[in-house]
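Please read the structure below before turning to the comments.
The values are calculated or read from the model by the stated rules, or taken from the named source; none is laboratory data. Quick caveat, the model's predicted, so the values are computed rather than measured. Every residue, glycine among them, receives a Cβ derived from its backbone with ideal geometry; neighbour counts consider all protein chains shown.
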2 protein chains.
Amino acid sequence: MARIVQKYGGSSVANLNLIREVARKAVAARNQGNEVTVVLSAMKGETDRLLKLAKELTPSPPLRELDSLISTGEQVSVSLFAIACAAMGEKVKSFLGFQAGILTDDHHQKARILKLDPARVKTELAKGRIAVVAGFQGINRQGDVSTLGRGGSDTTAVALAVALNADHCEIYTDVDGIYTTDPNVCSKARKIDRISYEEMLELSSLGAKVMEIRSVELGMNYGMPIHVRHAHSPGDGTVITKEDPNMEKTPVRGVTHQINEARVTLTKVRDEPGVASRILSIISKSDIIVDMIIQNRSRGEDGFTDLSFTVPLSDYERTMELMRAAREELGAEGALGDDDIAKVSIVGVGMRNHAGVAATMFQALAAEGINIDMITTSEIKISCVIQKKYAELAVRALHDAFELDKA
Amino acid sequence: MARIVQKYGGSSVANLNLIREVARKAVAARNQGNEVTVVLSAMKGETDRLLKLAKELTPSPPLRELDSLISTGEQVSVSLFAIACAAMGEKVKSFLGFQAGILTDDHHQKARILKLDPARVKTELAKGRIAVVAGFQGINRQGDVSTLGRGGSDTTAVALAVALNADHCEIYTDVDGIYTTDPNVCSKARKIDRISYEEMLELSSLGAKVMEIRSVELGMNYGMPIHVRHAHSPGDGTVITKEDPNMEKTPVRGVTHQINEARVTLTKVRDEPGVASRILSIISKSDIIVDMIIQNRSRGEDGFTDLSFTVPLSDYERTMELMRAAREELGAEGALGDDDIAKVSIVGVGMRNHAGVAATMFQALAAEGINIDMITTSEIKISCVIQKKYAELAVRALHDAFELDKA
């Protein structure tokens, strides 16, 4: 017997038949002797439908009202799920965010959970019932409905698993689990059985779409195993858990690519203290988030250098305007931009103990004639900026080079 | 300056354009210096859509879950209304039932308001803002969402008007006001300017559809004037208020008809104490509500009588089965039924002071060759059961006989 939290996404509850199927799965898990709490997203398309209504009224609706509006999507899902269970003769109770004791801060549309006291959920579980909780939503201290932002239902599920002291949290989705890379890009992509929180965090940050960062972070902070599985297919999925000796001994766990950044280079700036910080403070004042930053060595002895950084593609035009406007003040020769770039990354906690991983990466790219523009590394990842047109080729080359298709 | 509660029904907020129009009306009222609280129903069709989903899962969904499901309809309406106001540059805040302090009992689907403490609504009004409250819903002591049943949004509006100590409550609907009779039946039907609570209650009980009984009762109990108006047309509507000397001096205020009852007659039962109560206790044990009851005088000297009563058409078959089964025990000769009946009624507080109203009614029906099967009266109404096919003719004849087309 285990205490389980199961989360099903919008595509898993997109219509009444799917809701029935999900209800059957939850009941089956309960009948196996488990304590089962279910967290649901809105039926697929519902959140977008509601957002569209709001945006038709005004491009910038008040966020408090938007939260109250879109939170109805999850409310409908959990009510229908409970009704589907009742139709099967099962006792079940649904809970909205506030009923499940999910207290958040005041940041509508991207609220963070401050406290979670699922007393009512516990009471139902103790009676042998299934509890179903609306994902994505909570309530703030003023008693207003809040929503948790992207991946919010995953966050609800993991946070609830922690608060209920569950054995693990199951995230049911429309893929089989976490893959070594995007199967749409590389046909040799292989499902990973176990992955560490740290690796999953890096993969999520670097473009893997299955799990949002927040819920993985939450799992990591509280040591809650997260089990990613397909909602409507059998298969063991992927367990996201603490790094442990049972994990495959491999230097690289996965390969990702992103094409949502652009690079900006300020040429021939003075190579003296404070220059980089002056440049970057202009950017950050505009709430633009800089990802990679590279300052080349001084050019010979002339005391000048080039400074490159990447920003989200959506902020590229604005960044270029800022840099052109500030070029003279910064004493730069020019402000160059390139939005035709991609970032390919390899991630793995095994890197720590394997020498030569970077060398293998650079060789694999070089062998395909791919030039590397920028490089950043952390303890468990290496990212390279390359020309966008080589992105998929680079992913396949790296997947081969590290033999990720082999278990 | 007045303190006003405005309630708009589902057809008044059926789409974004109508929601915008309703928002403009509320803002206009506020700009005239009034304190305005708005109560909304779900967008037309939304409650039915949600109910249909539930009923597809099971014919008898758990009522707690059904309440949580259908209450989203009003939640969507008030959020969109608030967003529409914001789009016009207005400050407004939406409130769900629990946020408006509407505490109800535990009877899901037909909850009654136990307490109403709209502290947050008052705070917003005091800031000069418009408050918009989800109709039809509240929260019970367990913290579960409840709904108030038919006409629930009207009840919310009147109860809120009472709790806010408002000057009056405006019910915006898709008709001009209360009519002397159904304009679809009688082209001479005339809008009534002022009507007493008592008369409105009787008219509602006897088939008038504009106002539900509960909200009128609530208005009566607390002396809250209710102003029924068309949502999207000008015109003064109808004020439901205390009986006062300014009301038109007329014995009859309105005529209604209902075709939702059937008559059951037990023939030749003993005319002795206890017979009627034995019959009716069989009915009431099955939760069937009896409306009219007529016991004829004894037939000559034989000590037998006939007992007739009416029940809702939906309970007719069941009632006949019960009576056939109990016929022998009750010592009745036969159990006859007739579902081909209609009830026509005249209502008016002026009846109290006018002799001959009943005589005029019976003469008017007789003049059209309409036979009267049963009659019941109260201080302010007279109802007659007639053959169903004469219902509309009877309404027109009575409307003419009491000259209701004349102000």
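Suppose the filter is outside any helix (DSSP H, G or I), acidic (Asp, Glu) and crowded, with 17+ Cβ neighbours inside 10 Å; does residue B:176 pass it? Break it down into steps so the answer makes sense when it comes.
Details: outside any helix (DSSP H, G or I): yes; acidic (Asp, Glu): yes; crowded, with 17+ Cβ neighbours inside 10 Å: yes.
When the stated conditions are applied, residue B:176 passes them.
Is it fair to say residue B:42 is buried (at least 24 other Cβ atoms within 10 Å of the Cβ) and within 14 Å of another protein chain (Cβ to nearest Cβ)?
Criteria met by residue B:42.
For the list (1) closer than 30 Å to residue A:91 by Cα; (2) without any contact (Cβ under 8 Å) to a residue 12 or more places away in the chain; (3) facing another protein chain (nearest Cβ under 10 Å), I need the number of the one condition that residue B:48 fails.
Residue B:48 satisfies every listed condition except (3).
Consider segment A:325-372. How many of its residues are among the hydrophobic types (A, V, I, L, M, F, W, C), under 20 Å from residue A:266 (Cα atoms) and not in a loop (DSSP other than H, G, I, E, B)? Before the answer, list the steps.
Just the residues of segment A:325-372 that are among the hydrophobic types (A, V, I, L, M, F, W, C), to begin with: A:325-326, A:330, A:332, A:335-336, A:341-342, A:344, A:346-347, A:349, A:351, A:355, A:357-359, A:361-362, A:364-367, A:370, A:372.
Going one step further and asking which of them are under 20 Å from residue A:266 (Cα atoms), we end up with A:325-326, A:330, A:332, A:335-336, A:341-342, A:372.
This time we only want the ones that are not in a loop (DSSP other than H, G, I, E, B), so: A:325-326, A:330, A:335-336, A:341-342.
The total comes to 7.
Taking the options B:325, B:358, name whichever one is small (Gly, Ala, Ser) and either buried (at least 16 other Cβ atoms within 10 Å of the Cβ) or more than 21 Å from residue B:275 (Cβ to Cβ) (or both).
Details: B:325 fails: either buried (at least 16 other Cβ atoms within 10 Å of the Cβ) or more than 21 Å from residue B:275 (Cβ to Cβ) (or both).
After applying the criteria, what remains is B:358.
Go through the residues of segment A:373-396 one by one and say whether even a single one is outside any helix (DSSP H, G or I), in contact with a helix residue (DSSP H, G or I) (Cβ under 7 Å, 6 or more places away or on another chain), loosely packed, with under 12 Cβ neighbours inside 10 Å and of a type in the set (D, E, K, R).
Yes; the residues of segment A:373-396 include at least one that is outside any helix (DSSP H, G or I), in contact with a helix residue (DSSP H, G or I) (Cβ under 7 Å, 6 or more places away or on another chain), loosely packed, with under 12 Cβ neighbours inside 10 Å and of a type in the set (D, E, K, R).
What about residue A:279, is it in a loop (DSSP other than H, G, I, E, B), among the hydrophobic types (A, V, I, L, M, F, W, C) and buried (at least 16 other Cβ atoms within 10 Å of the Cβ)? Spell out how you get there, then give the answer.
Working: in a loop (DSSP other than H, G, I, E, B): no; among the hydrophobic types (A, V, I, L, M, F, W, C): yes; buried (at least 16 other Cβ atoms within 10 Å of the Cβ): yes.
For residue A:279, the condition - in a loop (DSSP other than H, G, I, E, B), among the hydrophobic types (A, V, I, L, M, F, W, C) and buried (at least 16 other Cβ atoms within 10 Å of the Cβ) - is not met.
Where residues in segment B:245-257 are in contact with a strand residue (DSSP E or B) (Cβ under 8 Å, 6 or more places away or on another chain) and surrounded by fewer than 19 Cβ atoms within 10 Å (Cβ to Cβ), which of them is nearest to residue B:374 (Cα to Cα)?
Going residue by residue through segment B:245-257, those that are in contact with a strand residue (DSSP E or B) (Cβ under 8 Å, 6 or more places away or on another chain) are B:246-248, B:252-257.
Add one more test, that the residue is surrounded by fewer than 19 Cβ atoms within 10 Å (Cβ to Cβ), and what stays is B:246, B:248.
Values: B:246: 35, B:248: 30 Å.
The selected residue is B:248.
To keep it simple, each residue is scored yes or no on (1) over 25 Å from the mean Cα position of the chain (by Cα); (2) closer than 17 Å to residue B:61 by Cβ.
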site	(1), (2)
A:14	no, no
A:17	yes, yes
A:25	yes, no
A:30	yes, no
A:46	no, no
A:52	no, no
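Here is a list: A:378, A:314. Which entry is under 22 Å from the mean Cα position of the chain (by Cα) and not assigned by TED's automatic domain parsing to the domain that holds residue A:276?
Values: A:314 fails: not assigned by TED's automatic domain parsing to the domain that holds residue A:276.
Exactly one residue qualifies, and that residue is A:378.
Report yes if residue A:264 is assigned to a loop (DSSP other than H, G, I, E, B), under 23 Å from residue A:389 (Cα atoms) and more than 14 Å from the chain's Cα centre (by Cα), otherwise no. Steps first, please.
On the way: assigned to a loop (DSSP other than H, G, I, E, B): no; under 23 Å from residue A:389 (Cα atoms): yes; more than 14 Å from the chain's Cα centre (by Cα): yes.
For residue A:264, the condition - assigned to a loop (DSSP other than H, G, I, E, B), under 23 Å from residue A:389 (Cα atoms) and more than 14 Å from the chain's Cα centre (by Cα) - is not met.
If you check every pair at least six apart or on different chains, which have Cβ atoms under 9 Å apart with a residue in segment B:6-32 that is within 16 Å of residue B:83 (Cα to Cα) first and a residue that is in a helix (DSSP H, G or I) and hydroxyl-bearing (Ser, Thr, Tyr) second?
From segment B:6-32, the pairs are B:13/B:77; B:18/B:11; B:18/B:12; B:19/B:12; B:19/B:77; B:21/B:12; B:22/B:12.
Being modelled with pLDDT of 95 or more, closer than 17 Å to residue A:6 by Cα and outside any loop (DSSP other than H, G, I, E, B), is that true of even one residue in segment A:180-200?
Looking for residues that are modelled with pLDDT of 95 or more, closer than 17 Å to residue A:6 by Cα and outside any loop (DSSP other than H, G, I, E, B), one finds none in segment A:180-200, hence no.
Please give the number of the condition residue B:74 fails out of (1) under 22 Å from residue B:231 (Cβ atoms); (2) out of contact with any helix residue (DSSP H, G or I) (no Cβ under 8 Å at 6 or more places or on another chain).
(2)
Suppose the filter is over 17 Å from residue B:150 (Cα atoms) and either touching a residue at least 12 places away in the same chain (Cβ under 8 Å) or out of contact with any Lys or Arg (no Cβ under 8 Å at 6 or more places or on another chain) (or both); does residue B:189 pass it?
Details: over 17 Å from residue B:150 (Cα atoms): yes; either touching a residue at least 12 places away in the same chain (Cβ under 8 Å) or out of contact with any Lys or Arg (no Cβ under 8 Å at 6 or more places or on another chain) (or both): yes.
Against the criterion (over 17 Å from residue B:150 (Cα atoms) and either touching a residue at least 12 places away in the same chain (Cβ under 8 Å) or out of contact with any Lys or Arg (no Cβ under 8 Å at 6 or more places or on another chain) (or both)), residue B:189 qualifies.
Condition test on residue B:407, is it farther than 22 Å from residue B:338 by Cα and part of a loop (DSSP other than H, G, I, E, B)?
Working: farther than 22 Å from residue B:338 by Cα: yes; part of a loop (DSSP other than H, G, I, E, B): yes.
Spelling it out, residue B:407 is indeed farther than 22 Å from residue B:338 by Cα and part of a loop (DSSP other than H, G, I, E, B).
Among the residues of segment B:132-146, is any free of Cβ contacts under 8 Å to residues at least 40 places away in the same chain and more than 17 Å from residue A:79 (Cβ to Cβ)?
yes
Residue-wise test of (1) under 30 Å from residue A:325 (Cα atoms); (2) at pLDDT 90 or above.
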position	(1), (2)
A:234	no, no
A:237	no, yes
A:241	no, yes
A:245	no, no
A:248	no, no
A:255	no, yes
A:259	yes, yes
A:264	yes, yes
A:271	yes, no
